[in-house]
1. Is there a residue being open to solvent by 20 Å² or more (accessible area, probe 1.4 Å) and in a strand (DSSP E or B) anywhere in the stretch 169-181?
2. Tell me, yes or no, whether the stretch 1-24 has at least one residue that is touching a residue at least 12 places away in the same chain (Cβ under 8 Å), within 17 Å of Asn240 (Cα to Cα) and open to solvent by less than 40 Å² (accessible area, probe 1.4 Å).
3. Can you tell me which residue in the stretch 159-168 is nearest to the chain's Cα centre (by Cα), limited to those that are open to solvent by 80 Å² or more (accessible area, probe 1.4 Å) and not acidic (Asp, Glu)?
4. Being farther than 18 Å from Trp220 by Cβ and surrounded by 13 or more Cβ atoms within 10 Å (Cβ to Cβ) is the requirement here; does Ala202 meet it?
5. Restrict the check to the stretch 13-30 and report whether at least one residue is part of a loop (DSSP other than H, G, I, E, B) and farther than 28 Å from Asp82 by Cα.
6. Before we move on, is Arg38 in contact (Cβ under 8 Å) with a residue 24 or more places away in the chain, surrounded by 15 or more Cβ atoms within 10 Å (Cβ to Cβ) and assigned to a strand (DSSP E or B)?
7. Anything in the stretch 50-104 that is in a strand (DSSP E or B), under 27 Å from His212 (Cα atoms) and either among the acidic types (Asp, Glu) or open to solvent by 10 Å² or more (accessible area, probe 1.4 Å) (or both)? List them, or say none.
8. For a quick check of your reading of the model, give me the residue pairs whose first member lies in the stretch 219-238 and is among the aromatic types (Phe, Trp, Tyr), whose second is part of a strand (DSSP E or B) and buried (at least 18 other Cβ atoms within 10 Å of the Cβ), with beta-carbon atoms closer than 6 Å and at least 6 apart or on different chains.
Amino acid sequence: MTPELVLRPLADATELPLFLSLPYVLDHELADDLAAGRRRPEWMWVALRAGRVVARLAFWSQPGAVAPESFDFFDLDGADPDRVATGATLLSVAWAAVLPEGTTPPDFIRFLPPDWRDEPAIRRATDDLLGVLTAAGAELFVERLRLEWLPGTPVPEPSGRLEFTPVAGKDELVELMARVLDGTLDAYSRADLESMTPAESAAAQFDEEFAHFRSPRDWWRIGRLPGGEPVGFVVPARNNYNPIIAYVGVLPEHRGHGYIADLLAEGTRILAGQDVPRIRAATDLGNAPMAAAFARAGYRTFERSVVLRWR
């Protein structure tokens with residue numbers, strides 16, 4: 001007889017070891033996230049059979065948020081023959097308890113090895129997981145490359161083509177961000193532009209992402225031609241977890257001249273000068289020009305991410 005399935009959230013942070021019964025690459029962040037309020041025990045759910053964790057899921061938010069902003073933990077026990085049904089049941093019960101009634105679930109994001117499709121065990125586990133989510137109404141939104149620069153990787157010296165000045169303030173950066181959205185290949189930006197103006201999209205990204213960075217804003221740079229005309233900008237920063245290149249963009253009228261290399265090199269120099277252990281970045285798999293620019297700058301693809309979205 002199959003033992004009864006028990007579905008529940010963690011009682012409190014002391015139950016974190018129970019949640020860690022199944023592995024994922026972000027496990028090392030959970031303790032700090034709980035302490036900082038980015039995770040909450042009531043947002044971390046487990047499915048138990050005979051006391052053993054056979055599935056788990058968790059949500060993330062900025063501290064103080066009313067509802068989850070991201071759905072980034074969902075794991076099934078590969079040894080459980082009923083894992084797909086178990087995952088579907090856990091998903092349904094946890095959503096009903098955690099998400100405000102009538103709201104669309106937040107995006108689901110899954111980090112995977114760069115060659116995940118070529119590894120049979122990882123491919124099978126991922127297909128199981130994504131199958132549960134698509135059956136619940138999710139659609140593949142985008143696959144992204146997760147990129148990393150490590151100390152010791154050469155950083156090009158300034159080419160002299162551009163002069164770099166700090167960003168004067170939010171208004172100046174948002175205006176430039178709005179302009180680079182013309183012709184963007186970024187899936188998130190393209191989706192925003194279906195319901196927002198470029199200015200609204202840029203302001204929302206600033207408020208929801210850049211405003212939370214823990215690093216000095218005087219790291220942010222605008223690249224200008226010798227006469228002062230802006231060509232583009234780069235936003236080196238530090239988020240809750242890593243030093244990052246948060247954004248790099250070239251204005252439409254200056255594309256095709258290789259300025260992305262100058263901007264990316266400047267951002268990398270600024271972070272490398274802080275003696276950081278790594279620099280992280282990401283770009284869409286389909287954004288070949290941006291991926292190539294990062295590769296030329298010495299960034300390697302260390303993971304991929306798959307993002308699913310509910311309409």
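The values are calculated or read from the model by the stated rules, or taken from the named source; none is laboratory data. It should be emphasised that the depicted structure is a prediction, and the values quoted were computed from it without experimental measurement. Quick reminder, even Gly has a Cβ in these numbers, built from the backbone with ideal geometry, and neighbours come from all protein chains shown. Keep in mind that these areas ignore ligands, DNA and RNA; they rest on the heavy atoms of the full protein, side chains included. Shrake-Rupley method; radii C 1.70, N 1.55, O 1.52, S 1.80 Å.
1. No: the stretch 169-181 contains no residue that is open to solvent by 20 Å² or more (accessible area, probe 1.4 Å) and in a strand (DSSP E or B).
2. As a first pass, look at the stretch 1-24 and keep what is touching a residue at least 12 places away in the same chain (Cβ under 8 Å): 2-13, 15-16, 18-19, 21-24.
Filter once more, so that each one left must be within 17 Å of Asn240 (Cα to Cα): none.
No, every residue in the stretch 1-24 fails to be touching a residue at least 12 places away in the same chain (Cβ under 8 Å), within 17 Å of Asn240 (Cα to Cα) and open to solvent by less than 40 Å² (accessible area, probe 1.4 Å).
3. First, pick out the residues of the stretch 159-168 that are open to solvent by 80 Å² or more (accessible area, probe 1.4 Å): 161, 163, 168.
From what is left, the residues that are not acidic (Asp, Glu) are 161, 168.
Values: Arg161: 32, Ala168: 27 Å.
Ranking the candidates gives Ala168 first.
4. Numbers: farther than 18 Å from Trp220 by Cβ: no; surrounded by 13 or more Cβ atoms within 10 Å (Cβ to Cβ): yes.
Judged against the criteria, Ala202 is not a match.
5. At the first step, the residues of the stretch 13-30 found to be part of a loop (DSSP other than H, G, I, E, B) are 20-26.
Narrowing further to those that are farther than 28 Å from Asp82 by Cα: none.
Looking for residues that are part of a loop (DSSP other than H, G, I, E, B) and farther than 28 Å from Asp82 by Cα, one finds none in the stretch 13-30, hence no.
6. On the way: in contact (Cβ under 8 Å) with a residue 24 or more places away in the chain: yes; surrounded by 15 or more Cβ atoms within 10 Å (Cβ to Cβ): yes; assigned to a strand (DSSP E or B): no.
Here the answer is no, as Arg38 does not meet what is asked.
7. Restricting attention to the stretch 50-104, the residues satisfying the condition of being in a strand (DSSP E or B) are 52-60, 70-76.
Pick out the ones that are also under 27 Å from His212 (Cα atoms) and you get 57-60, 70-74.
Hits for the stretch 50-104 are Trp60, Ser70, Asp72.
8. From residues that are among the aromatic types (Phe, Trp, Tyr), the pairs are Trp219/Pro236; Trp220/Val235; Phe233/Ile222.
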